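Read through the structure below, which is laid out as structure tokens, and then see the notes.
The values are calculated or read from the model by the stated rules, or taken from the named source; none is laboratory data. As the structure is a computational prediction, the values presented were derived from the model and not from experiment. Glycine gets a Cβ as well: all are built from the backbone with ideal geometry, and neighbour counts include every protein chain shown.
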Amino acid sequence: MKVNHTSASNIGRAKILAGVLALILHGRSVAADEEASPDALQNIEELDVTARKQSALDSEAISLSDTPDAEPSVGGKPTVVVGLAARDAPVYDGSKKTKVSPFPYLDIHGIFHDRVFISDIRGVGFNLYTDEAFKAGLAVNYGGGRTSSDSPRLQGLPDIKNSVTTAGFVTYSIKPFAFELRLERQLGSNPATEASIRASFAFAPTPRWHLSVGSQLTWQDSKWNEKFYGVTVAEAQAAQKLGNLLTPYEAKSGLGTVGITGTSVYALTEHWGLVSRLGFRDLVGSQVKNSPLTERNFGVDFALGAIYKF
């Protein structure tokens, strides 16, 4: 076989030139690194420290918020939080009687790239539309009822059963703030509708301590208010026979409650945390304030317990 010596010579020269060029570029890079100013190096180090602190905060803070997207996001991965607390709250909005009851908590978000969430506060939900700031979707939950044995003021009235609720929501988030419009429909034999405006603010003073403050204003239709605050003639007569001197009352649509809730979570370890919640709710609508079932307009809700983050 005949060898082309000219081609082989050219290839050899090219390899030598490439090696020399690589050495020159390497030398310039080393020299540039050596000549980098101390201020530039310090800025790089500060950015690195800040990034590591933020990562620690996001991974260690255990967050709870009634409004979504106000808590730190941990790398887009699903987050599971379970807990149990003792809760002291009015037996219904407007009652002066309170009771202590167990308050279980479950929150799973970040499922299927943040398309699905599961929460005993917000229900099982689906984010049908999502981008960096806006989210819109649907949720299914349960609506709490009450029994006539909850309070002497309810004696003679029929029990209100728990019901399935459906809700549509739109949220707008600019961390650490989040805002939400929500429309909820209670299903069952006495369907009713509630609309609410919610806002929250969340922050973490330390990597282990997370705080959030949420507020909401609700509006209820006439069926909702009649269901929870109305008294028919027959119901008033039945209550009066038991010594509960209620008068008939027809509740129409109107504003319901305005409330503010503060939540504190302190992470004892990477997984365990202590949680406390303090909420204030005030009946502001005339339709609910003037009901004979309303004993006081202002109520306090407090819970204390432990949570576990998987």
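Listed values, structure above:
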read-out	value
Residue list for the range 144-194, filter: loosely packed, with under 14 Cβ neighbours inside 10 Å and either part of a strand (DSSP E or B) or at positive phi (or both)	Val164, Ile174
Residue identified as within 21 Å of Tyr142 (Cβ to Cβ) and of a type in the set (Ser, Thr, Tyr) among Tyr172, Tyr229, Tyr249	Tyr229
Some residue of the range 288-301 being under 20 Å from Pro104 (Cα atoms), loosely packed, with under 15 Cβ neighbours inside 10 Å and either without any contact (Cβ under 8 Å) to a residue 40 or more places away in the chain or in the same structural domain as Ile160 (by TED's automatic domain parsing) (or both)	yes
Pair list, Cβ under 6 Å, 6 or more apart: the range 219-247 residue assigned by TED's automatic domain parsing to the domain that holds Ser163 and under 20 Å from Leu283 (Cα atoms), other residue charged (D, E, K, R) and surrounded by 13 or more Cβ atoms within 10 Å (Cβ to Cβ)	Gln220/Glu194; Ser222/Lys252; Trp224/Glu194; Gly230/Glu250
Output for the range 65-107, where each listed residue is farther than 30 Å from Glu295 by Cβ, modelled with pLDDT of 55 or more and crowded, with 19+ Cβ neighbours inside 10 Å	Thr79, Val81, Gly83, Asp107
Tabulated pairs, the range 106-125, first farther than 19 Å from Val170 by Cβ, second of a type in the set (Lys, Arg) and at pLDDT below 85, C-beta under 7 angstrom, 6+ apart or interchain	Gly110/Lys77
Some residue of the range 113-127 being outside any strand (DSSP E or B), in contact with a Leu (Cβ under 8 Å, 6 or more places away or on another chain) and crowded, with 19+ Cβ neighbours inside 10 Å	no
Flag for Gly125 being under 15 Å from the mean Cα position of the chain (by Cα) and assigned by TED's automatic domain parsing to the domain that holds Leu293	yes
